[in-house]
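Structure first, then comments.
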Amino acid sequence: MEKRLIKKNTLTGIAGKMADEFKVWAPVKQEENVIFSPLEKNEQPFFAYLNSKNAPKQIFFPHTETLMKYTSTPKGMVFAAEENKADKTVLFGVRPCDAHSFALLDMLFDQEKYKDQYYINKRNNTTVITLACVEPPYATCFCTSVDGEPVDDKGADILITDIGDNYLVEFVTPKGEKLANYFGETKADAAAETKKKEIAEKAKQAIKSKIPAHEIKPILDVNFENPIWATIHGKCLACGTCTWMCPTCHCFDISDEVKGNDGVRIRSWDSCMFPLFTKETSGHNPRTSQKERWRQRVMHKFKYYVDNFNAIACVGCGRCVMSCPVNLDIRKVVEDIAKIK
Amino acid sequence: MQNPYIPYPVEVIKIITEVDTKDIKTFRFKFVNPEDEAKFSYIPGQFGELSIYGKGESPIGIASSPTQKGYVEFTVQKAGVVTSALHEMEEGTLMGLRGPLGNSWPIEYLEGKNIVIVGGGFAFTTLRSLINYMIFEDNRKRFGKITIIYGARNPGLLIYKDELEAWQKRDDLNVNITVDKGDATWKGREGFVPAVCKEVAPSAENAVTVICGPPVMIRFTLPVFFDLGFSKENIITSLEMRMKCGIGKCGRCNVGSKYVCKDGPVFSLAELDKLTKEY
């Protein structure tokens, strides 16, 4: 597909122009943090960021979303309307690891038999523009261990790479190509592509944190009862921050809220780290302690997702590592599992 | 395409109190839109999400048989928020139903075989669906001998009493009802389900047993069937887990890589042996 060059000072203007036509989610500064947020009129995106504090999965899978509305009648509460809105959206400047997470979430929400139309509708209406990491932002980044790269178009419709004097803009999908008119007229030459390849290779080499994410799959297959599981969770507070920050965690709760005669059914993020997650009405809980919950978290990401979708459910963004209040580091957990004989 | 999260509107058309303690009732629903009945085309062993707006949803096995037209039935124990609200309902109330969900009893595999149904207490609902499906006029000849062993703690806790009586009168069913302890009026058998299985001793030849009941009953019943020569492929059961979405997305009912809501709830013992024991 087509490739173009744009001047480096034009990115903010392009995002601003897009905001006339689309809802544009872009990184913005909020106090100490950079987060993804819909651009307000004349609001400046902040592209000189490392990565956003929050994973942008919330654009397709919001923290809380209404599934339907209902209303009371003399014969009981009845369904009133499905709530499934999706604005024409551009997600501008997402990092390659987070774009990778969309490709992973698609596997779950867009399965052949059961289609999650809330997720799919937002996904279909959104163009993802990835801003490559020419320098790995954090020492905790480990994307290259989990099928990612710092300069990568997985999950992206458009990939933008800083090649020094200019940005190279690559249209990855037909959906991305539809926005080509925002990116000027300058076609990219062979030199630009060579430069990008050099930069991509250099960025890849700069990722120093490596974990044996693929190697542990056969070990996990046969070590559900290994004593190692009793050694991981000791300091875990069950706060759920790791799952909240994670771009691939997708577990949710469904609940009802009533106000007066009307109500809504909503879904909200939930976490396998919470004791109540699997607790049944009878009081029985198949995962009785944080040991079993941690085992579930590791198994889900590095075994179950691989069994079901042939992909590791981790993109190596390092958010869980950076955000854990007790420094429980999943990279260390994976390394320790790899040592099981 | 049908949004799998949106329930079909249904009306409660009949409520039957099944037990003396009054905390188990069978609810019969009619689809408000007649075309939804065909969309809710189910197989015995599947479940539905009973959906009470303002309260939530509860996954419950389907107790009626698809051979019974015009309605669908669920037998529900009063336990949590949703089931308690359901137990307060009156005939004529409107609510929602999602499904059918999950796999089912393996009907094709059961065809041509002798079937031994073993049920305990309130976990007899999807077995009742299977029995009524198999004894339906057009279906009966597709199955061999049918043996039913069903027990409850006491006579007052047996569910589907009218049907049990009717089944006992049929000459093409071997029906064995038992209670742990009888009362003054009880003339039937006394004894635990595993002991009765041993006594009835159904032949393992060309036979499959379908077992549903409390964990303690299953634990003591399985060795009896091993002794009788049933292979693990021919011992089939159904799992329960906490569920929300029912379609393998919300992430809480997995046992290993399998989601009980989508890949189950029905598993053979051979299949369960391959899964982790986290249920």
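Residues with beta-carbon under 13 Å from that of A:E335, excluding A:E335: net charge, scoring Lys, Arg +1 and Asp, Glu -1? Write out the running numbers ahead of the final one.
Working: positive: A:K210, A:R331, A:K332, A:K339; negative: A:E215, A:D329, A:D336.
Counting the neighbours of A:E335, the net charge comes to +1.
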Whole-Hz couplings from phi, Karplus 6.51/-1.76/1.60, listed for the range A:136-144; x for Gly and Pro: x, x, 10, 5, 8, 5, 9, 4, 5
Contact surface A-B: accessible area buried, both sides summed, square angstrom, 1.4 angstrom probe: 3700
Phi to ³J(HN,Hα) by Karplus 6.51 cos²θ - 1.76 cosθ + 1.60 over the range B:190-202, Hz, x for Gly, Pro: 10, x, 6, 4, x, 5, 5, 4, 5, 5, 5, 6, x
With every protein chain in place, the range B:8-101: carbon and sulfur % of accessible area (1.4 Å): 49
Coil-residue trypsin sites (Lys or Arg not before Pro) of the range A:83-138, DSSP, other Cβ within 10 Å capped at 16: A:K85, A:K88, A:K113
Drop in accessible area of at least 30 Å² in the complex versus isolated chain, residues of the range A:34-73, 1.4 Å probe: A:M68
Computed [θ] at 222 nm, deg cm²/dmol, chain A (DSSP H ≥ 4; -39,500 (n - 2.57); rounded to nearest 500): -7500 deg cm²/dmol
Aspartates and glutamates whose Cα lies under 17 Å from that of A:K235, excluding same-chain neighbours fewer than 8 positions away: A:E292, A:D329, A:D336
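Past 26 Å, Cα to Cα, is the threshold; run A:K175/A:K202; A:K57/A:K115; A:K41/A:K178 against it and keep the listed order.
The answer is A:K175/A:K202.
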Between the range A:154-230 and the range B:227-279, the alpha-carbon center distance in angstrom: 38
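Given N residues in the protein assembly as shown, what is its alpha carbon radius of gyration divided by 2.2 N^0.38 Å?
Working: Rg = 28.2 Å, N = 620, 2.2 N^0.38 = 25.3 Å.
Compactness ratio reported: 1.11.
Please identify the trypsin sites (Lys or Arg not before Pro) of the range A:12-70 that satisfy two criteria: DSSP loop assignment and at most 15 other Cβ atoms within 10 Å. Which are they? Intermediate results must be reported in sequence, preceding the final value.
Details: sites: A:K17, A:K23, A:K29, A:K41, A:K53, A:K57, A:K69; in loops: A:K41, A:K53.
Taking the range A:12-70 and a limit of 15 other Cβ atoms within 10 Å, the loop trypsin sites (Lys or Arg not before Pro) found are A:K41.
Can you pick out the pairs among B:K22/B:K145; A:K291/B:K78; A:K301/A:K341 whose Cα atoms lie more than 24 Å from each other? Before the final figure, lay out each step's value.
Working: B:K22/B:K145 34 Å; A:K291/B:K78 32 Å; A:K301/A:K341 21 Å.
Beyond 24 Å between Cα atoms: B:K22/B:K145; A:K291/B:K78.
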Heavy-atom accessible area per residue - the protein assembly as shown, 1.4 Å, Å²: 43
Order of exposure, largest accessible area first, which applies to A:T231, B:T17, A:T130, B:T93 with probe 1.4 Å: A:T231, B:T17, B:T93, A:T130
Antiparallel %, DSSP beta bridges [both residues in the range B:170-279], to 5: 50
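Exposed loop GluC sites (Glu not before Pro) only (DSSP loop, at most 12 other Cβ atoms within 10 Å): please give the longest stretch of chain B free of them, not including the sites. Please report the intermediate quantities before stating the final value.
On the way: sites that count: B:E88, B:E90, B:E91, B:E137, B:E205.
No qualifying site falls inside B:1-87, the longest such stretch.
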Occluded residues from the range A:297-319, i.e. those whose accessible area drops by 30 Å² or more once the chain is not alone (1.4 Å probe): A:Y304, A:N308
Prolate/oblate/rounded call for the range B:107-238, Cα gyration tensor, a/c under 1.5 rounded: oblate
Pairwise centroid distance, computed over Cα atoms, of the range B:127-151 with the range B:13-70, Å: 20
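Could you tell me whether chain A comes out rounded, prolate or oblate from its Cα gyration tensor? Rule is a ≥ b ≥ c as square roots of the eigenvalues, rounded for a/c under 1.5, then prolate if a/b exceeds b/c, otherwise oblate. Provide the component values of the computation, followed by the final result.
Working: a/c = 2.11, a/b = 1.19, b/c = 1.78.
Oblate, since a/c reaches 1.5 and b/c is not below a/b.
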Antiparallel content of DSSP bridges confined to the protein assembly as shown, in %, to 5: 70
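Over all residues in B:239-246, what is the mean tally of Cβ atoms on other chains that come within 10 Å of each residue's Cβ?
Across B:239-246, the average partner-chain Cβ count within 10 Å equals 5.
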Accessible-area composition of chain A, carbon plus sulfur, in percent [1.4 Å probe]: 51
Inter-part distance where the range B:170-218 and the range A:110-146 are each reduced to a Cα centre, Å: 54
Reachable lysines from B:K187, criterion Cα separation under 22 angstrom, eight or more residues apart if same chain: B:K161, B:K169, B:K198
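The values are calculated or read from the model by the stated rules, or taken from the named source; none is laboratory data. All values derive from a computational prediction rather than experimental measurement. We place every Cβ from the backbone using ideal geometry, glycine too, and count neighbours over all the protein chains shown. We work out accessible area using only protein heavy atoms, side chains counted, and drop any ligands, DNA or RNA first. Shrake-Rupley method; radii C 1.70, N 1.55, O 1.52, S 1.80 Å.
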